[in-house]
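Chemist: The following block contains the structure, expressed as structure tokens.
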Amino acid sequence: MTAPTAPTPAGAPDAASDLLLDIDGLGVAFPSERGPIHAVRDVRLTLRRGEVLAVVGESGSGKSVTALTLLGLTRGRGTAITGKAEFDGIDLIGASDSQLRRIRGKRIAMVFQDPMSSLNPVLRIGHQIAEQIRAHEGVGKAEARKRTIDALTEVGIPRAAERVDAYPHEFSGGMRQRVMIAMALVCGPELLIADEPTTALDVTVQAQILDLILRLRDERGMSVMLVTHDLGVVAETADQVAVMYGGRIVEQAPCDELFADPRHPYSWGLIGSIPPLTGAKPEYLPTIAGTPPSPLALPAGCPFRARCPHEFEQCAEVPPLAETAGAPGHLDRCWLPIDEKRIRRAGADGRIGLLHDAEATTEESA
Amino acid sequence: MSDAPLMKVEHIRQEFAVKDGTLRAVDDVTLTIDRGETVGLVGESGCGKSTLARTVLRLIEPTQGTIALEGRDITKVPQRELRAIRHRMQMVFQDPYGSLNPRRRIGAIVGDALDLRGVPKSEQRTQVIAALERVGLGIDHLHRWPHELSGGQRQRVGVARALAASPDLLIADEPVSALDVSVQAQLVNLLVDLQRDLGLAQLFVAHDLSVVRQVADRIAVMYLGRIVESGPTDVVFARARHPYTRALLAAVPIADPSRRGRQREAIRGELPSPIDPPPGCHFHPRCPHATDVCMTEQPALWHYADGGRAACHHPYGVSAADVAAASRDDLASPAAAGMSAPDPSTADLADAGETPAGAQA
């Protein structure tokens, strides 16, 4: 596979120079009776303006902890946060709580998985959204209410002028998630962090919410960090993808590139284990043996080695997150040489490689 | 053994009294499951699929309709007698955390199913181990507690418990949706194996269409308490006739970025309240093709020659010849006699693939 086409996110004419988020060497360790739990280690991510970055992983991979840490939501007694996370030049790790409060909700907003427990059930939704505007901008009640109604209209809530006075329980799951997005967007954030924003929703509603997020990205040039376990959602929305496993990024690539030429055996397994919706039905789904490791009991060396069928001696050491020659921006954390990976991947699951499969095969035989 | 299907539920209606009136969760549903067959029951939250699954087991008593196991009507069988046949129909639940008693060991949990069948204690251990091995666990799990197991392992215990009763029918309600992606595939393969090796029939309830496609021989799509489309899995996936099924299929995200930007038939609005469902075809307020007839007349579930069935006045890809060859369920309601035939005029829409005329991109 030759140089991938770098995605050009809409709304960002000069994407290369427009770095919004710069994370490097981020580590998060929580205290426990049995010593520190390293939930996130050595994470390096960048996000440009107008770009959608998907962080993919299973439970315990560290994807949510990474997202929460950016907003200072993992801070606590004994939590060790190391490394760098800069947002538009502002140090998010070193920032004081009051500095963070000025950024949070204003310049960086977050949408959580469960819209029911993220809204206060005893307050009208309009009140909860207006509170946010008034906290960040010195506007009056009437102005805040008007902007709240505008925001609800923008995310597609019908009869927003009436619904603004409703309570969370009066909305369906999809509508509640729209309320959450309206709340997140009302102050015009430059970065939206969405942690499994559609996991609790039905597919038809999921499609509506994802379309909404992408439309707002296009219209406002907002950046999105999408935390998810669903590779279908990733393929539909992301420009860049980081795959996390056991607290580390194991592969990182432009979205097209990741699906066309996945490098890490864990990525092969993840992509392969999705039952296809069209075409031939495989007799069995390719699977990854075992279960995702608990951050309490990670193996030494490569975090995936306990489940990896391609494990060998070198895996006792953690592989570096390295770029392969000829594929800028495509990094992976695996000791196998690139040629060997392609051969083994073809053996592991013929379906991986998707539409670019023929191309990849030709290059292998060359 | 009779020719009757393993399980047949007919004209099932399930109503619940709620504050604002009556919630009809299941509305005149007829469904058969043959021996060794896996039937996928799909639909979005609130469509009545879980209620129907529980009704089949008589975990909830149906308001109306009959449930027949191998031709024997078990709708009115007293609970005590029901217990004697319940081992033939076993359930696997969605939540692997909530469905195992945290204070009992795995061996005891699985062993309960054997008590149900009256297996003597002396033989239970061997059978429990056999059931655990069948699902990929083993003798070393016998004395473990549920909390010591991962979500995937617990779900395997749930399946082992069902298998220990040696059922003919397994009813699995969203058995993989609480699991991690890599673990989901393992469970899906296990369920496919059980059907193949043990000839176990399954009613597989799920919202994930790609998982259902992998396991089911036939599928039934529910919307607001009614089956709107059913048929062999390949027929429904290749030639979905009901606009709801098509919208549902189009909404599934595809793990292939090169297909991004394909035009999709987005579905409008949200599921209406089942307490006060729209008249006529329940789907008409969200349907891009609804006409006057859809607002007043409930479409019958028409049977087409390829085995597919659809309850739609304007089905996709149906020609005049298809309509002429179509037949219809015997509807309980005499009003059925006056119902209109499906309209073949939308037949050409099938050629438009994922972008039928009138659809919102």
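Readers should treat all values here as calculations from the given coordinates under stated rules, not as data from a laboratory. In this text, all values refer to a predicted model and were calculated from it rather than measured experimentally. Please note: Cβ atoms are built from the backbone with ideal geometry, for glycine as well, and neighbour counts cover all protein chains shown.
Chemist: Could you work out how far the C-alpha centroid of region B:113-184 sits from that of region A:223-288, in angstrom?
Modeler: Region B:113-184 and region A:223-288 have Cα centres spaced 30 Å from each other.
Chemist: Taking chain B as a Gaussian network, where each spring joins two C-alpha atoms under 10 Å apart, which residue of B:L82, B:L41, B:L170 fluctuates the most?
Modeler: B:L82
Chemist: Could I ask something else about it? Straight-line reach from A:K141: which aspartates and glutamates have Cα under 18 Å away, leaving out those fewer than 8 places along the same chain?
Modeler: Hits, sequence-local ones excluded: A:E131, A:D150, A:E162, A:D165.
Chemist: Can you give the charge dipole size of region B:7-222 about its Cα centre, rounded to the nearest 20 debye, using +1 on the beta carbon of Lys and Arg and -1 on the beta carbon of Asp and Glu? Mind dumping the intermediate values first?
Modeler: Values: 28 positive and 27 negative charges, 142 e Å.
Dipole size: approximately 680 debye.
Chemist: Just going by the charge dipole of chain A, with Lys and Arg at +1 and Asp and Glu at -1 on Cβ, which of A:V122, A:T228, A:G156 is farthest out on the positive end?
Modeler: Of the listed residues, the answer is A:V122.
Chemist: For the protein assembly as shown, what is the calculated [θ] at 222 nm in deg cm²/dmol (nearest 500), taking -39500 (n - 2.57) for each run of four or more DSSP H residues and dividing by its residue count?
Modeler: -9000 deg cm²/dmol
Chemist: Give me a single rounded figure for A:232-243: the average over its residues of other chain Cβ atoms within 10 Å of their Cβ.
Modeler: Shielding by partners across A:232-243 averages 3.
Chemist: Between region A:147-199 and region A:319-342, what is the C-alpha centre distance in whole Å?
Modeler: Spelled out, the Cα-based centre of one part sits 41 Å from the other.
Chemist: Using the charge dipole of region B:7-222 (Lys, Arg: +1 at Cβ; Asp, Glu: -1 at Cβ; taken about the Cα centre), state which of B:T126, B:Q202, B:I33 has its Cα farthest towards the positive end.
Modeler: The listed residue farthest towards the positive side: B:T126.
Chemist: How large is ³J(HN,Hα) for each residue in region A:270-284, as worked out from phi by the Karplus curve 6.51 cos²θ - 1.76 cosθ + 1.60 (θ = phi - 60°), to whole Hz, x for Gly and Pro?
Modeler: 4, 5, x, 7, 7, x, x, 8, 9, x, 5, 8, x, 4, 10
Chemist: Between region A:20-72 and region B:1-67, what is the C-alpha centre distance in whole Å?
Modeler: So the separation of the two Cα centres works out to 45 Å.
Chemist: Using only the alpha carbon atoms of region A:201-241, find the Kirkwood hydrodynamic radius as the inverse mean reciprocal pair distance, in angstroms to one decimal.
Modeler: 10.8 Å
Chemist: Right, next: Estimate the FRET efficiency between B:A4 and B:D193 by the formula 1/(1 + (r/R0)^6), using the beta-carbon distance for r and 30 Å for R0, to the nearest 0.05.
Modeler: 0.65
Chemist: Comparing B:Y97, B:Y244, B:Y316, which has the greatest mean-square fluctuation in the GNM of chain B with Cα pairs linked when under 10 Å apart?
Modeler: Greatest mean-square fluctuation among the candidates belongs to B:Y97.
Chemist: Can you tell me the orientation of helix A:203-220 relative to chain A, as the angle in degrees between its alpha-carbon axis and the longest Cα principal axis, to the nearest 10?
Modeler: 80 degrees
Chemist: Right, something else. Considering the options A:L47, A:A200, A:L100, tell which one lies farthest towards the positive end of the dipole of region A:18-243, charges being +1 on Lys and Arg and -1 on Asp and Glu at the Cβ, about the Cα centre.
Modeler: Farthest along the dipole direction, towards plus: A:L100.
Chemist: Too long at a 23 Å Cα-Cα cut-off: which of A:K84/A:K341; A:K84/A:K106; A:K146/B:K19?
Modeler: Among A:K84/A:K341; A:K84/A:K106; A:K146/B:K19, the Cα-Cα distance tops 23 Å for A:K84/A:K341; A:K146/B:K19.
Chemist: Could you work out, residue by residue across B:221-228, how many beta carbons of other chains sit within 10 Å of that residue's beta carbon, and then give the average as an integer?
Modeler: 0
Chemist: Now for a different question. Return the lysines within reach of B:K8: Cα separation strictly under 17 angstrom, same-chain partners fewer than 8 residues apart disregarded; answer none if there are no such residues.
Modeler: B:K49, B:K76
Chemist: Near the amide H of A:V241, under 5 Å away, which other amide H atoms are found, from residues 5 or more places off or on another chain, if H is placed in the peptide plane?
Modeler: A:A54, A:A253, A:C255
Chemist: With a 10 Å radius around each residue's Cβ, average the other Cβ atoms per peptide and rank A:194-200, B:195-201, highest first.
Modeler: In decreasing order of mean packing, A:194-200, B:195-201 become A:194-200, B:195-201.
Chemist: Relative to the longest principal axis of chain A, what angle (0 to 90°, nearest 10) does the C-alpha long axis of helix A:173-185 take?
Modeler: So the inclination is approximately 80 degrees.
Chemist: Work out the FRET efficiency for A:Y284 and A:V122 from their Cβ-Cβ distance, taking R0 = 60 Å, and round it to the nearest 0.05.
Modeler: Efficiency at R0 = 60 Å is approximately 0.75.
Chemist: Percent antiparallel among DSSP beta bridges with both residues in the protein assembly as shown, to the nearest 5?
Modeler: That works out to approximately 60 percent antiparallel.
Chemist: Another question, then. Given labels modelled 7 Å from the Cα in the Cβ direction, how far is it in nm from B:D34 to B:R104?
Modeler: Each label point is offset 7 Å from its Cα along the Cβ direction, giving 3.6 nm.
Chemist: Under the classification rounded if a/c is under 1.5, otherwise prolate if a/b is larger than b/c and oblate if not, where does region A:129-171 fall, given a ≥ b ≥ c as square roots of the Cα gyration tensor eigenvalues?
Modeler: Working: a/c = 2.23, a/b = 1.74, b/c = 1.28.
It is prolate, given that a/c is not under 1.5 and a/b is the larger ratio.
Chemist: Can I ask one more? Of all beta bridges DSSP finds with both residues in chain B, what is the antiparallel percent, to the nearest 5?
Modeler: Percentage antiparallel, nearest 5: 60.
Chemist: May I ask for the longest run of chain A untouched by GluC sites (Glu not before Pro) that are loop-located per DSSP and have at most 10 neighbouring C-beta atoms (other than their own) within 10 Å?
Modeler: Working: sites that count: A:E33, A:E283.
The answer is A:34-282.
Chemist: With +1 on each Lys and Arg Cβ and -1 on each Asp and Glu Cβ, how big is the dipole of the protein assembly as shown about its Cα centre, in debye rounded to the nearest 20? List each step's numbers first, then the result.
Modeler: On the way: 78 positive and 92 negative charges, 455 e Å.
In debye, rounded to 20, the protein assembly as shown gives about 2180.
Chemist: Is there a simple number for the mean count of other chain Cβ atoms within 10 Å of the Cβ of residues in B:210-217, and what is it?
Modeler: Across B:210-217, the average partner-chain Cβ count within 10 Å equals 3.
Chemist: Let me ask something else. Semi-axes, largest first, in whole Å: what does sqrt of 5 times each Cα gyration tensor eigenvalue give for chain A?
Modeler: 37, 23, 19
Chemist: For the pair B:K121/A:H169, report the inter-label distance in nm, with labels modelled 7 Å from Cα in the Cβ direction.
Modeler: The two pseudo-label positions are separated by 4.8 nm.
Chemist: Would you mind computing, in nm to one decimal, how far apart the modelled labels at A:A161 and B:M295 are, each placed 7 Å from Cα along Cα→Cβ?
Modeler: Using points 7 Å along Cα→Cβ, the separation is 2.5 nm.
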